[in-house]
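Heads up, the thing below is written out as structure tokens.
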Amino acid sequence: DQEARKRLEREREERFRRLKEAGFCFSSRGDQWDRMFDRLVSYKKEHGDANPFLRDKDDPALGFWAHRQRERFRAGVLSAERRDQLTRLGFSFRV
């Protein structure tokens, strides 16, 4: 059920957080998030905000990524570290 999936996702995020704190080198998944975040930083420099549309003409992958971050936030599974990074950039979780 949905609650079980949320719990498993939160547990997974917690394991990743602990491994990261211990200095574990992650696979490209974390690198991919960082690359997309860098694209969001560039988007903000160009457009003046950090809120690309889901179907952004210039960068559809970035729009979809932003949409997924909002979904993860609403589901309660976006890590606090990532939430804080997005918030500092001016990303809106409610559009």
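Readers should treat all values here as calculations from the given coordinates under stated rules, not as data from a laboratory. Keep in mind the model is a prediction, meaning the values are calculated, not measured. Every residue, glycine among them, receives a Cβ derived from its backbone with ideal geometry; neighbour counts consider all protein chains shown.
Observations, loosely collected:
- Based on DSSP H segments of at least four residues, each scored -39500 (n - 2.57), the chain has a per-residue ellipticity at 222 nm of -23000 deg cm²/dmol.
- Using alpha-carbon coordinates, inclination of helix 2-21 to the longest axis of the chain, degrees: 90
- Counted residue by residue at 0.36 nm each, then reduced by the alpha carbon distance between them, the extension gain from Glu11 to Val95 reaches 27.5 nm.
- The coefficient of translational diffusion for the chain, derived via Stokes-Einstein from the alpha carbon Kirkwood radius under 10 °C and 1.306 mPa s, stands at 112 µm²/s.
- Furthest towards positive pole of dipole, Phe64, Gly48, Ala4, structure part the chain, Cβ charges: Ala4
- The chain: most fluctuating residue of Glu14, Glu71, Glu46 per GNM, C-alpha cutoff 10 Å: Glu46
- Prolate/oblate/rounded call for the stretch 45-95, Cα gyration tensor, a/c under 1.5 rounded: oblate
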